[in-house]
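Values in this text are rule-based calculations from the coordinates and carry no lab data. Quick caveat, the model's predicted, so the values are computed rather than measured. Methodologically, a virtual Cβ is constructed for each residue, glycine included, from the backbone with ideal geometry; neighbour enumeration extends over all protein chains shown.
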Amino acid sequence: MPADLNAILEPGMLVRHPAEPDWGLGQVQSNIGGRITVNFEHAGKVTIDGTRILLEIVFET
């Protein structure tokens with residue numbers, strides 16, 4: 001279940017959206033109740049339903 005892994009996301013962490021590679025690198029802004037707000041390089045601020053989408057954590061850029 002995606003929500004379990006998304007639960008570890010905290011503000012400042014870097015992520016990518018697996019279905020939207022053109023959005024580029026994103027920085028988590030908030031993670032409240034499974035709703036994750038991410039500021040992506042090429043898509044701006046997007047709120048993601050963490051129960052439906054599993055974001056990929058980026059450890060190195």
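Here are the numbers:
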{"quantity": "For the chain, size of Cβ-based charge dipole, Lys and Arg +1, Asp and Glu -1, in debye", "calculated": "200 debye"}
{"quantity": "Choice from Gly26, Gly44, Gly34 with maximal GNM fluctuation in the chain (Cα, 10 Å cutoff)", "calculated": "Gly44"}
{"quantity": "Column: log10 I(q)/I(0), Debye, Cα scatterers of the chain, q = 0.23 Å⁻¹", "calculated": "-0.85"}
{"quantity": "Chymotrypsin sites (Phe, Trp or Tyr not before Pro) lying in DSSP loop within the chain, provided at most 11 other Cβ fall within 10 Å", "calculated": "Phe59"}
{"quantity": "GluC sites (Glu not before Pro) within the chain: DSSP coil, no more than 16 neighbouring Cβ in 10 Å", "calculated": "Glu41, Glu60"}
{"quantity": "Model label zone, Asp4; criterion: amide N under 20 Å from point 7 Å along Cα-to-beta-carbon; scope the range 22-56", "calculated": "32-36, 49-56"}
